[in-house]
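J.: Below you'll find the structure I mean.
The values are calculated or read from the model by the stated rules, or taken from the named source; none is laboratory data. Please read all numbers here as calculations on a predicted model, not as lab measurements. Cβ coordinates were reconstructed from backbone atoms using ideal geometry, including for glycine residues, and neighbour counts include every protein chain displayed.
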Amino acid sequence: MKFRSPTDEPLHVALTTGHTCTISPEGDEIPQMFHREAISRGAIPSSITAPETAPVGGFDRKQVVTDAINAMLDGGNEDDFTNNGKPDLRKLQARVGFKVEREEADAVWAEVSKAPDAAPDAA
């Protein structure tokens, strides 16, 4: 039976017996002994026609950080920001629920802080 990888990358399938195979995105005929493991790893049987990229509402890390910084700005709490005006990482991380690196926060802050200035220029 022919299977194809669910992504643009080859799918590697290994059995506890030591047998291995690779399934390409274009599709490959694989022996029966790999079928169950290939399906459990997400390989798509040739008999199933699935969309190439199924839109799934995933986690957009940058958008979550952007929303949190905007909420901090709207909140008006001066303690949410450092003395130099940047978002306080501890407060930002508490809002988003995961670790945010200073470089990541600074990149989003640069976009958010210049956004109001960009609107008049566009007119």
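J.: Taking segment 15-48, which residues are in a loop (DSSP other than H, G, I, E, B) and surrounded by 15 or more Cβ atoms within 10 Å (Cβ to Cβ)?
T.: Within segment 15-48, Pro25, Gly27, Ile30, Arg41, Ala43 meet the criteria.
J.: Can you confirm whether Phe81 is of a type in the set (Phe, Trp, Tyr) and either at pLDDT 85 or above or touching a helix residue (DSSP H, G or I) at 6+ places or on another chain (Cβ under 6 Å) (or both)?
T.: For Phe81, the condition - of a type in the set (Phe, Trp, Tyr) and either at pLDDT 85 or above or touching a helix residue (DSSP H, G or I) at 6+ places or on another chain (Cβ under 6 Å) (or both) - is met.
J.: Something else about it: Going by what's in this entry, would Ala50 be described as modelled with pLDDT under 90 and either more than 30 Å from Trp109 (Cβ to Cβ) or in contact with a strand residue (DSSP E or B) (Cβ under 6 Å, 6 or more places away or on another chain) (or both)?
T.: yes
J.: Here's another thing I want to ask about it. May I ask you to verify whether Lys2 is of a type in the set (Lys, Arg), touching a strand residue (DSSP E or B) at 6+ places or on another chain (Cβ under 8 Å) and touching a residue at least 40 places away in the same chain (Cβ under 8 Å)?
T.: yes
J.: Can I ask one more? Of these, Ala118, Ala122, Ala68, Ala38, which one is farther than 30 Å from Phe3 by Cα and at pLDDT 85 or above?
T.: None of the others qualify; the one that does is Ala68.
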